[in-house]
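FYI, it's all coordinate maths here, none of it is from the lab. Quantities reported herein were computed from a predicted structural model and do not represent experimental measurements. Cβ sites come from the backbone with ideal geometry, for glycine too, and all protein chains shown count toward neighbours.
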Amino acid sequence: MKSYSFEDIKRIDYSKYAPLFALVILIILSALASEHFLKFRNITNILRQVSYTGTIALGMTFVIVAAGIDLSVGSMVALVGVLAIYLMNYLGTSVFAVVAAVFVAILVGSLCGAVNGLIVTRGKITSFIATLATMSIFRSLTLYVSEAGEVISHNDIYPEIGGGYFLNIPYPVLIFLGLAVFFHFLLNNTAFGRHVCAVGANRQVAIYSAIKVRWVTFMTFVISGFTVGVTAILLSSRLNSVSPGDAGIFYELDAIAAVVIGGTPLAGGKGTIWGTVIGAIILGIINNMLNMLGVSPYLQGTVKGLIILIAVLAQYKSN
């Protein structure tokens, strides 16, 4: 059996596990603050709530690791959700209509991500400006297509996607965790994942290393769009409707916050999917506890903003 010396313990990179330590401490404090926190129903409710923005955060991780940013994901959720429900209502109330809507939502989300990728790679516009513009465009198109009115599904099968359970665990949670496993493998065990890290670490060196930088950057935005398509289905099926003005509002901020809290630096070059999962759960627990403790919803944004600042400062200090 291998033994560990004091020097081995000193060499452990504790900053790598900082999000996990923070999560454990937060769980302990929350359990002490409220006797209802550790109830199974409350835990599954937290996981369900974070699964929407958490799924988007998985795709956002790839974009940020490649030293980019995607501010359009919230508006994209609304647009994809509206188009999916319109298509489903047009096709009728059959299972085929639901399957077609899911397929089209993922396709349209990926295409919207591809648009962002093309603007960044071919138009040579920084991702911040490019996605800031498409954020406005996608929201405007959503309001135009829906005439600023709520779009309601007429299919009784559709709500089962977002509201169903397997072994008392909501489907959105299972989908979120399943995608996390897949994206963890993609980022850590494939050439594409290594190329994403290389592009984020040093773009010029990546070019000299014969990495297809444009293609890699483009695909990170497609992945982000794909996760938006999944979230649009999960959210719209849960509510059985989409409100074009409110759907996905501030999702981009929650997704970015989850990635940053999870330990991925905004400068890019490295990151972990499970760190992002932990970051999303941390945000969910904080929101849950603020509600349980009766903190004004107007102050909850302040708390979230302070946590993001602390996470970024911690990364800066560790570097």
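When the GluC sites (Glu not before Pro) in segment 132-167 are filtered for DSSP coil states and for at most 13 other beta-carbon atoms within 10 Å of their beta-carbon, the remaining sites are E147. Annotation for segment 97-164 versus segment 71-94: alpha-carbon center distance of 7 Å. Lys-Lys pairs in the chain that are eight or more residues apart or on separate chains and whose Cα atoms lie under 28 Å of each other come to 14. Calculated mean residue ellipticity, 222 nm, the chain: -24500 deg cm²/dmol, from DSSP H runs (n ≥ 4) at -39500 (n - 2.57) each, averaged per residue and rounded to 500. Distance from the Cα centre of segment 175-231 to that of segment 247-319, in angstrom? Cα centroid of segment 175-231 versus Cα centroid of segment 247-319: 21 Å apart.
When only the Cβ of Lys, Arg, Asp and Glu is charged (+1, +1, -1, -1), the dipole of the chain relative to its Cα centre reaches about 980 debye. Toward the positive end of the charge dipole of segment 203-310, with +1 on the Cβ of Lys and Arg and -1 on the Cβ of Asp and Glu, the farthest Cα among V228, L290, Y251 is that of V228. Screening the chain for whole DSSP H helices with an alpha carbon extent of at least 20 angstrom along the helix axis and a mean Kyte-Doolittle hydropathy of at least 1.6 yields 18-33, 73-91, 95-121, 171-188. Which one, G164, A133, Y86, projects farthest toward the positive side of the charge dipole computed for segment 45-168 from Cβ point charges (K/R +1, D/E -1)? The Cα lying farthest towards the positive end belongs to A133.
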